[in-house]
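Some notes on the structure that comes next.
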Amino acid sequence: MSKGKKHIIEVSVKGKPIVRYHSYARDLQHALSEYEPDYPDAEVKYWEVNESNERISGVNLSERSPSKAVEKEEVKKESISKISELSGGMKNIRVQGKVLEVSESRRVMSRFGNVHYLSIAVISDGNGEINLALWNQNIGSIAVGDTIQIEKGYVTEYYGVKQLNIGKRGELKVTN
């Protein structure tokens, strides 16, 4: 399996770099899906580099015309990750699937002594299955048979098992 092209993504706010991200990806869309800036005024620069980290091509994504920005957003909205291709550490992912099972909620204690409630759902998109962590307010929002979509989710591994998480910035929608 090929790693893809090597990319460098640099994000700056008010001229100060806040992150410089290196990745191997098939294309720009895939490379950028790993990092979405939390700052609306961020300047995002992207380069494709060779193995010696010499720049081959690049673009300042902040200087794109509004029509290009709309095209980029439309492409991003259509990009749904396959569950079978998810791995621990992936961020800002969009997943759609059918709920196969939902566990009873259980009470858990955080490392700070706070009480939370957790339920684990299993979802499938036909290509694979993954556990979905439902915390507190998300418990009871889905049922077996629902088709759901997770926006801005992230994947962790818990005792060697992949788990999809919604997080603070993420969103869970029932689409059926």
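What to note about this one:
- Nearest-0.05 FRET efficiency for R107 and T147, computed from C-beta distance (R0 35 Å): 0.75
- Ordering L86, L100, L172 by the number of other Cβ atoms within 10 Å of each residue's own Cβ, fewest first, gives L100, L172, L86.
- Sequence-distant contacts, meaning Cα pairs under 8 Å at least 6 residues apart, place the relative contact order of region 83-174 at 33 percent.
- In plain terms, the residue of R107, R169 with the fewest other Cβ atoms within 10 Å comes first and the most crowded comes last, giving R107, R169.
- The Rg/Rh ratio for region 83-174 is 0.94, where Rg is the radius of gyration of the alpha carbons and Rh is the Kirkwood radius.
- Ascending count of other beta-carbon atoms within 10 Å, so fewest first, for Y158, Y117: Y158, Y117
A short reminder: the numbers here are calculations on the coordinates, not readings from a lab. Remember, it's a predicted structure, so these values are computed and weren't measured experimentally. Here Cβ is always computed from backbone atoms with ideal geometry, including for glycine, and neighbour counts include all displayed protein chains.
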